[in-house]
Amino acid sequence: MGPGDLVRLTKRNAIGIVVEVFGDLDPNNPWIRVLFTGPNHTYQWCKKEGLLLLSKKREEDDHSL
C-alpha cells in the first residue's frame, strides 16, 4: 500500500486515497494517512489493518521512443 492507492476504511465504509505511509515500530501494520473527499476534504491517520486496498495507483505509461 502506497501513496495514490484507493482504500476503504473498514469501520465507516468510507473510500479515500493514501497520501502518506509512516513506518511505525510495527512495519507490518504502519500508520497510513488517508484523504477522504466527501462530503468535506478531511485527512485521517489509520492503521493498515483497518484499511482495505481497492485499487493500486496506476503507473504512468512510458511513450518515449
Among GLY4, ASN29, GLN44, whose Cα sits farthest toward the positive end of the charge dipole of the chain (+1 at Cβ of Lys/Arg, -1 at Cβ of Asp/Glu, about the Cα centre)? GLN44
Roughly how many percent of the accessible protein surface of the chain is carbon and sulfur, given a 1.4 Å probe and a whole-percent answer? 52 percent
What does the charge add up to near LEU25, with Lys and Arg as +1, Asp and Glu as -1, over the other residues with Cβ less than 15 Å from its Cβ? -1
Give me the three principal axis extents of the chain from the C-alpha atoms, as integers in angstrom, largest value leading. 46, 33, 17
Can you tally the net charge around THR42? Count Lys and Arg as +1, Asp and Glu as -1, for every other residue whose Cβ sits under 14 Å from the Cβ of THR42. +2
The size of the Cβ-based charge dipole (Lys, Arg +1; Asp, Glu -1) of the chain about the Cα centre, to the nearest 20 debye, is 440 debye
Nearest-5 percent of antiparallel DSSP beta bridges in the chain? 100 percent
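The values are calculated or read from the model by the stated rules, or taken from the named source; none is laboratory data. Remember, predicted model here, so these are calculated numbers, not experimental data. Backbone-built Cβ (ideal geometry, glycine too); neighbour counts: all protein chains shown. Accessible surface is based on the protein model in full, side chains and every heavy atom, while ligands, DNA and RNA are left aside. Shrake-Rupley method; radii C 1.70, N 1.55, O 1.52, S 1.80 Å.
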